[in-house]
Amino acid sequence: MNTWRNASLAVTAVAVLALTTACGQGNGASTANGQAVGNASPAAQAGDGAYGSGDGYGSDTAAGNAKPAGQLAVWDSKKLGKVVTDSAGFTLYRFDKDTASPPKSNCDGDCAKVWPPVPAGSVTAAAGTEASVIGEVVRADGTKQLTLGGWPMYRFAKDTKPGDANGQGV
């Protein structure tokens, strides 16, 4: 059974909210809200400073340069269905071993290197979605992680360009 879920599976569950899976651990406070997404197309392309313009998203995160998701979007993948992305067009994931109620991340250490947590911060719901599903959870290291519908959100280090969904089923 896969422990990583695609953003498209969540869209069905939370009114066009696509959650994928990743890892993360938090053992503390969280907001009452989860996440929301919309139907905008990916805003950035590889090579323009977006994630993946180097050797993958994970290299930015390893350097401590993880970026908030910004304007969320939903795109319709022929293979996966509706998928939630960040403002640069990178797929967001959820981890089946996390919990949404209460929100809790269970991915630290090596897991968080492969599945960088999406920082909470300036996040805007996608067009046509509920802003009330956007929230945050405090991770074990004290940082705040974005949640959608209560689920902690992650990126996949091997997604190197907008539209990649290489973490699905990993």
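The values are calculated or read from the model by the stated rules, or taken from the named source; none is laboratory data. Everything numeric in this text was worked out from a predicted model, so none of it was measured. A quick note on method: Cβ atoms are made from the backbone with ideal geometry, for glycine too, and the neighbour counts reach across all protein chains shown. The accessibility values were calculated without ligands, DNA or RNA, using every heavy atom of the protein model including side chains. Shrake-Rupley method; radii C 1.70, N 1.55, O 1.52, S 1.80 Å.
Numbers for the structure displayed
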| read-out | value |
| --- | --- |
| Linear extension gain, Lys113 paired with Thr143, 0.36 nm per residue minus alpha-carbon span | 9.3 nm |
| Around Asn106: net Lys/Arg minus Asp/Glu count, Cβ-Cβ under 12 Å | +1 |
| Rel. contact order, % - alpha carbon contacts under 8 angstrom, at least six apart, the stretch 68-108 | 26 |
| Amide H within-cut-off set for Lys82, under 5 Å, with H built and near neighbours excluded | Ser77 |
| Interchain or long-range residues, amide H under 5 Å from Thr124's placed H | Gly70, Gln71, Leu72 |
| In sequence order, calculated HN-Hα J values of the stretch 67-81 (Karplus, 6.51, -1.76, 1.60; Hz; x Gly/Pro) | 10, x, 6, x, 7, 6, 9, 10, 10, 9, 7, 4, 8, 10, x |
| Potential lengthening between Ser101 and Val170 on full extension [0.36 nm per residue; Cα-Cα distance subtracted] | 22.5 nm |
| Å² of accessible area per residue within the stretch 95-169, as computed with a 1.4 Å probe and no ligands counted | 42 |
| Leading residue at positive end of dipole, the stretch 71-170 (Cβ point charges), from Gly109, Gly167, Ala127 | Gly167 |
| Global form of the stretch 83-170, assessed from the alpha-carbon gyration tensor, a/c cut-off 1.5 | oblate |
| Chain lengthening between Lys158 and Ser132 when straightened (0.36 nm per residue, less Cα-Cα) | 6.4 nm |
